[in-house]
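First up is the structure itself, then whatever we jot down about it.
A short reminder: the numbers here are calculations on the coordinates, not readings from a lab. In this text the structure is predicted, and so the values were computed from the model without any measurement. Note: ideal-geometry Cβ built from the backbone for every residue, glycine included; neighbour counts use all protein chains shown.
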Amino acid sequence: MSTSKVERLTNLVIGLLSTTQFVPIERIRRDFAGYNECSSEEAFGRMFERDKAALRDLGIPLTYGGPSGPAEEQGYRIARTEYELPPITLTPEEGAAVAVAGQLWHSPEMASTYSSAIVKLRAAGIAVDDAEMATVVGGMGTALEAEPALAGLVAAVDGRQAVAFEHLAAASGVTSPRTLEPWGVASAKGNWYVVGFDRDRQDQRTFRLSRIVGGITPVGLPGQVRIPDGVDPAAIIRSAAAEPVSEGSVTVWLSDGHAHDLRRSGTEVAPHTLNGVPGTLVSMPVGSWTSTIRAIAAHGADAVALEPEDIREAVIDTLRGAAAAHSLGTAGTHEDEEERR
């Protein structure tokens, strides 16, 4: 499986940030993931020129130079002092506003900007939740996709008005009418949820917006819904969407020079060659089941879950699903075709 453009750029930035020396162009082609897959000098040259332009667009200062002498000793680096931002602090309210804004960027232009920011975060060594990344970079079932029920529910929360809708139960696949006094709407784990008082069940309930079928119908008059004192709708939604945390671990084989985020989150056990490819065995804490599966699967053939068997099977199923979804998509761009040659 070839290295994606995002992973290639991330590896390039990390490599050039991690040294104070200029890295010769031949070493970049030989040792940096993605470039060592080029079939010819010309293909590498075209790819590297496009990537330099992409980094400039991201505002990353790529510097060319080196000691005086032969041209082959010249190279590239990224000066950390010019690249790093000063510490940024946000109040809880400011952080929530930024998160909501990011979730609402569903246009192609804004999604591209958001993806660029993610590249910078990863290049700086900041861990990014893969469950959230799936909603940003070409993922499926995302909070970035406009939920038809979202506008109606936000208006109902703002107007303190009850609503009615049809809800599809995940377990049974049966729809049923529900009447809700909404307290708040928020996103968690890449999905939108609404929480409130369910008049039909006479209890607090949380509903995932993607399971609301049809439209939202206002019920009663605005101003009739009262949010109980001390209720934090966002906290309730985060708790409802949270996955059980496992105390187990997974043994993963990682090919040399790849999956640096997984290496940082685990402990190296021993060098190991898999199917003739050199690599390392790494023991990783599982934590969130879904996030762990996605994190491993995101690296394709460069990360192979070995045990336990249930995680291994889950990763394989995820990759099969991604392959099936890709086969139904449109053909890649001319640039992607050129890079695959």
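Please find the FRET efficiency linking A270 to R320, where r is the Cβ-Cβ separation and R0 is fixed at 30 Å, and quote it to the nearest 0.05.
Numbers: r = 29 Å, r/R0 = 0.97.
The pair A270/R320 has a calculated efficiency of 0.55.
What ranking do 35-47, 147-159 get when scored by the average of other Cβ atoms within 10 Å per residue, highest first?
Answer by packing, highest mean first, reads 147-159, 35-47.
Give me the number: length gained by fully extending D57 to V154, i.e. 0.36 nm times residue separation minus the C-alpha to C-alpha distance, one decimal in nm.
My answer for the length gained is 31.4 nm.
Compute the distance in nm between two label points, each set 7 Å from the Cα along the Cα-to-Cβ direction, one at R226 and one at D310.
Reported label-point gap for R226 and D310 is 4.6 nm.
Could you give the length gained on full extension between S283 and A235, defined as 0.36 nm per residue of separation minus the Cα-Cα distance, in nm? Each step should come with its number before you reach the end.
Numbers: separation 48, 0.36 × 48 = 17.28 nm, distance 3.20 nm.
Between S283 and A235, full extension yields 14.1 nm more.
At a threshold of 8 angstrom on Cα-Cα distance, excluding pairs fewer than six apart, so keeping six or more, what relative contact order does the stretch 5-83 reach in percent?
That works out to 38 percent.
Could you put S187, S283 in order, starting from the residue whose Cβ has the fewest other Cβ atoms within 10 Å?
The most exposed by this proxy come first: S283, S187.
Tell me, what is the percent relative contact order of the stretch 150-239, built from C-alpha pairs under 8 Å that lie six or more residues apart? Display every interim value, and only then the final one.
Details: 179 pairs, mean separation 30.5, N = 90.
Contact order relative to length: 34 percent.
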